[in-house]
1. Go through the range 87-104 and give me each residue that's within 25 Å of residue 137 (Cα to Cα), within 13 Å of ligand 1 (Cβ to nearest atom) and aliphatic (A, V, I, L, M).
2. Quick check on this structure: which one of 188, 215 is out of contact with any Gly (no Cβ under 6 Å at 6 or more places or on another chain), without any contact (Cβ under 8 Å) to a residue 40 or more places away in the chain and polar (S, T, N, Q)?
3. Looking at the range 390-426, which of the residues that are in a strand (DSSP E or B) and in contact with a Ser or Thr (Cβ under 9 Å, 6 or more places away or on another chain) is nearest to residue 376 (Cα to Cα)?
4. Consider only pairs whose beta carbons are under 6 Å apart and that are at least six residues apart or on different chains; among these, list those whose first residue lies in the range 123-135 and is within 13 Å of residue 105 (Cα to Cα) and whose second residue is of a type outside the set (Ser, Thr, Tyr) and surrounded by fewer than 17 Cβ atoms within 10 Å (Cβ to Cβ).
5. Take the residues in the range 150-172 that are in contact with a Ser or Thr (Cβ under 8 Å, 6 or more places away or on another chain) and within 16 Å of residue 109 (Cα to Cα); name whichever of them is nearest to ligand 1 (Cβ to nearest atom).
6. If we keep just the residues of the range 131-182 that are among the β-branched types (Val, Ile, Thr) and part of a loop (DSSP other than H, G, I, E, B), which is farthest from ligand 2 (Cβ to nearest atom)?
7. Could you say which residue among 137, 131, 196 is at positive phi, modelled with pLDDT of 95 or more and not assigned by TED's automatic domain parsing to the domain that holds residue 359?
8. In the range 382-432, what residues are β-branched (Val, Ile, Thr) and in contact with a helix residue (DSSP H, G or I) (Cβ under 6 Å, 6 or more places away or on another chain)?
Amino acid sequence: MRLKTLVVAAAGRSFFAPGGAFVLRPGRKPWAFLLQGRCHAQNPFNRLTTHRVVRTESETFPGSEWIVDAPDYEPQMRHALSLAARGRGWVEPNPMVGAVVLDPDGQAVGEGWHQKFGEPHAEVHAFVQAGERAKGGTLVVTLEPCCHWGKTPPCTDAVLRSGVRRVVTAMADPFPRVAGGGVQLLRTAGLEVDVGLCEPEARQLNAAYLKLLRTGRPWVHLKWAMTLDGKLATRTGDSKWISGEVSRRTVHDLRGRVDAILVGRGTVVTDDPLLTARPPGPRIPARVVLTRSGELPDRCQLRATAREFPVIVWTAAGNEPKLAGWAADGCEVIPLPTGDAGLSVDAVLAELGRRRMTHVLVEGGAAIHGAFLDARAADEFHVFVAPKLSGGAAGLTPVGGNGVARMSESLPLAGFTATPSGEDVYLHGYRV
Ligand code: AOF
Ligand code: ZN
């Protein structure tokens, strides 16, 4: 982060900055600033501004020297991040972006977010609301403004037209046609541009967008529901239903904002799932089946609805003829060369990524979960635990595959939460 550094000298009654002399607010002790992570200052025009304390030279002797960045836009950035999140499911494969425009007094006079793929970017909505009041003010935006012609004109044009003097953004946009160019263009035009406020939160928000750009692979969610004794089904394979109504609603919400729902052959054979979002969400996910053998039932819900909702089947090269009926019914059948390890999870993800799919939801069964885990290809986990026990050594557990030999090799999760979900518990976390 490029900091505007202001050095506060000796017990911090006053300090000098590139913008002029600043006087700390009377009555504020420097240690209080450290505790709050903020300090208040008055500029020569008697206007109170808030600054964020980034580092003290000496924590043992607080007040000896302070380095603060100027001024503090964290609350506005957090608001912009929450605005951005409203685009979830609507904007992909674009990033979610939120923006707040402040007038020269720091009052919010406009806000907006990227609402739908192909439609105006966040900044444009915020500037329309702000109008003339943006002049001399600040744009707080969760992603570097774009500087390219895509489906809409460059946001940097809108920033320059608005008359704001300063732009505070959470992170640079790694999209190749932007990639720092927006920041550079605005700085060259004489605007102050700060990059990096709330960057971890902004990266988390757009983790899937960033992964797709970095690796060409979509973000992979693994989801399952299990009994309290860790079973996906009884010894006879019966699995209807494990989780309750509230949990199933959460799953349908998730289905409605992903690009693909992926299952293995076993799930198609035993569950005959439809794999649609009910009620529908912002996206219509493709239904993806992985079957090395190519032996899928002739009659099932997926095949019967393939002309309404797309179905893609991956099978081992040479087995496509077994799926001729599926292809005739409108399913896309894709052959894949296979080695001993079966269908390559990475090859499938690479193709989904090539189609600019941002989120894939893997819904079982155990063998497919195992294949994704063995390939270290899962990014986010959604597990519903129901308060019931079905027992039986033959009852399937959620993750097959090879697994690891030592507990120390197991996959740790970050951001792990456990939330009540009706009668169930919803466990959620991310691959570290
Ligand atoms: C911004 N503000 O709100 C968004 C940005 O296809 P387009 O024209 O919509 O452009 C998509 C690219 O623009 C996308 O990949 C990303 O780099 C940027 N998205 N930029 O300044 C926004 N959504
Ligand atoms: Zn833009």
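The values are calculated or read from the model by the stated rules, or taken from the named source; none is laboratory data. For clarity, every value in this text was computed on a predicted model and none was experimentally measured. Here the Cβ positions follow ideal geometry from the backbone for every residue, glycine too, while neighbour counts run over all protein chains shown.
1. Passing the criteria: 96, 97, 99, 100.
2. Checking each option against the conditions leaves just 188.
3. My answer is 426.
4. Short answer, once both residue conditions are applied: 134/163; 135/163.
5. 167
6. Looking at the filtered set, the residue picked out is 164.
7. 131
8. 399
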